[in-house]
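Each reported figure results from applying straightforward, stated rules to the coordinates on display, with no laboratory input. Owing to the predicted nature of the structure, the values given are computational and were not obtained by experimental measurement. Methodologically, a virtual Cβ is constructed for each residue, glycine included, from the backbone with ideal geometry; neighbour enumeration extends over all protein chains shown.
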Amino acid sequence: MNSELENYYREYGKKVYLFLMSLSGDSDISEELTQETFYQAVRSIHRFDGSCKLSTWLCAIEKNQLRSYQRKHPIKE
């Protein structure tokens with residue numbers, strides 16, 4: 001991981017995790033999706049055009065990750 005990416009993770013990683021935790025209520029899922037959020041961010045950083053804050057862009061990615069997870073793992077009642 002390059003130093004710039006490490007800085008972003010240090011700056012935003014906990015916020016991403018806590019947001020996912022507030023939505024999912026599961027620490028394991030939140031940790032997994034935090035990692036996946038940053039993985040997807042690295043893969044698509046070329047699409048980030050700066051028209052919004054990086055944190056806003058990450059928030060959109062994390063919401064998509066959570067929705068994708070929920071589709072694959074529906075809650076059984």
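The table that follows gives values for the structure above.
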read-out: Furthest towards positive pole of dipole, Pro74, Met21, Tyr8, structure part the chain, Cβ charges; value: Pro74
read-out: Degrees, to the nearest 10: 27-43 long Cα axis against longest axis of the chain; value: 40
read-out: Degrees, to the nearest 10: 3-24 long Cα axis against longest axis of the chain; value: 20
read-out: Within the chain: Cβ-based charge dipole about Cα centre, in debye rounded to nearest 20 (Lys, Arg +1; Asp, Glu -1); value: 280
read-out: Degrees between helix 54-72 axis and first principal axis of the chain (Cα, 0 to 90, nearest 10); value: 30
read-out: For Cα Rg over 2.2 N^0.38 Å, calculated from these coordinates, the label among (i) 1.03; (ii) 0.98; (iii) 1.11; value: (iii)
